[in-house]
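One structure below.
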Amino acid sequence: MIRVGASDRVFTHNVGGNSRYARELQANLSDYDCHYGPLEPKLRLPIARPGPSYAIAEGVGAFRGRSNVDVLHYPADTGPLRASKLPIVTTVHGIASRHVANVRSPASEKLWRARVRRAMMVSNKIITVSESSARDLSEVFEVPSENITTIPHGIDHGRFHPISEGDPDVTLELQLPAEFALYVGNLDPRKNLVRLCDAFSRPSLQESRLVIAGRPAWDAQPILDKIHDSPNVTYLGPVPEELLSPLLRAAQCFVFPSLYEGFGFPVLEAMACAAPVITTHRGSLKDVAADAAMIVDPDDPDSIADGVAAVLSSSELKYDLIAKGIQNANRFDWQTSARHHAQLFKEVVNGAHTHR
């Protein structure tokens, strides 16, 4: 049994897809002779924000229980600043700032890149989640492509599936119209929601309703203002987990005009729930969506509107996208992802033993 220790930051603080990633590894790696669990930092600074404590603990590998593991895993881009007697694996999900402006302040971006560069230097193996992200990492940080292993995430097919029998009536529970287009995800500039709202002001969609579900993130206020000023857009805020899959299954289509994704969970989850998807080919979405989505230009609200209108007006197109989407989503599952992680963890542990 290989014992993998991960920083507990992504377990104790909800950081979106990174937290989901670590929890799914914890749930599935035991099937492949790996125990995966969180390690607490030894250092706890007496401040309200935990960031500095974790940065120091992750940087030097100062974790409680470290002596009881075989390999350290950093699942959220940054972490190790120095090499370790234990082998290190770091997952870097992508470089959003290469494609989208103002993801971070200039100072924060400089620090983030310095930490990622250092983590990649001292890690035995680097994981990323899409071929697009692998290319970005290799080019930006000048890392040989053979040093980067691409292991896509999975989705939970127990939750995200096309069978609507037994679903609650989300239109009644959430006070929605019978027919609507849906966006699910964070509210931040990278998600391109201002242009999405503009698209629904075009003549072809003025009779349609857009429902937006998600949590405000960075620079969300202009997005919230735009939603408020858009008469045919409804904002739900964060949706309870138990209603997410039924909401996806109830939608006429799923619209995700993102400017960049390191992976793109929402697209695959919508496809698995039999929602025809309209999205872009930015970042990893080209890899994830493949040929199973209507592709639009995220910089052009008219292109977004035309794509949505085409899907809503054509039953043939809609059902073709549904069939392709379900088949495409089936390519991604957490068991396969965990199996590839287990192979990599065992490889670095066996390599460390060989060189001792």
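The values are calculated or read from the model by the stated rules, or taken from the named source; none is laboratory data. The shown structure was predicted, so the numbers you read here are calculated from the model rather than taken from an experiment. FYI the Cβ positions are ideal-geometry reconstructions off the backbone, even for glycines, and counts take in every protein chain you see. Note: accessible area is taken over every heavy atom of the protein model, side chains too, but ligands, DNA and RNA are not part of it. Shrake-Rupley method; radii C 1.70, N 1.55, O 1.52, S 1.80 Å.
Rounded if a/c is under 1.5, else prolate if a/b is larger than b/c, else oblate: which is the range 211-356, with a ≥ b ≥ c the root eigenvalues of its Cα gyration tensor? Prolate shape, in that a/c is at least 1.5 and a/b is the bigger ratio.
Quick check: the angle from helix 315-329's long axis to the longest principal axis of the chain, C-alpha only, nearest 10 degrees? With both axes taken from Cα atoms, the answer is about 10 degrees.
Calculate log10 I(q)/I(0) of the chain for q = 0.06, 0.11, 0.15 Å⁻¹, where I(q) comes from the Debye formula with a single equal point scatterer on each Cα and nothing for solvent. Each listed q maps to, in turn, -0.23, -0.77, -1.29.
Enter the angle in degrees (range 0 to 90, nearest 10) between the Cα long axis of helix 131-141 and the first principal axis of the Cα atoms of the chain, meaning the one along which they spread out most. The answer is roughly 50 degrees.
A crude spin-label estimate for the pair S108 and D300, with each label 7 Å from Cα along the Cβ direction, gives 3.3 nm.
Amide H contacts for D333 (H built 1.01 Å from N in the peptide plane; partners 5 or more residues away or on another chain; cut-off under 5 Å): I155. When the GluC sites (Glu not before Pro) in the range 151-203 are filtered for DSSP coil states and for at most 11 other beta-carbon atoms within 10 Å of their beta-carbon, the remaining sites are E165. Bridges between two residues of the chain, per DSSP, are antiparallel at a rate of about 5%.
For the range 63-185, the gyration tensor built on C-alpha atoms gives a prolate shape. Its axis ratio a/c (a ≥ b ≥ c) is at least 1.5, and a/b is the larger of a/b and b/c. The fraction of accessible area contributed by carbon and sulfur in the chain is 50 percent, rounded to a whole number (1.4 Å probe; ligands and nucleic acids excluded).
GluC sites (Glu not before Pro), restricted to the range 203-300: which are DSSP loop and have at most 11 other Cβ atoms within 10 Å? Those that pass, being in a loop and sparsely packed, are E207. Of the residues L243, L224, the one with the largest accessible area comes first in the ranking L224, L243, computed with a 1.4 Å probe on protein heavy atoms. Per residue, the solvent-accessible area of the chain (1.4 Å probe, heavy atoms of protein chains only, all protein chains present) comes to 45 Å². In terms of its C-alpha gyration tensor, the range 151-229 has an oblate overall shape, because the principal axis ratio a/c (a ≥ b ≥ c, square roots of the eigenvalues) is not below 1.5 and a/b does not outweigh b/c. Helix 106-122 and the longest principal axis of the C-alpha atoms of the chain enclose an angle of approximately 50°.
Quick check: the distance between the Cα centres of the range 265-299 and the range 151-173, to the nearest angstrom? Answer, in whole Å: 17. Annotated for the chain: lysine pairs at least 8 residues apart or interchain, Cα distance under 15 Å, count 4. Near V349, once Lys and Arg are set to +1 and Asp and Glu to -1 for all other residues with Cβ below 10 Å from its Cβ, the sum equals 0.
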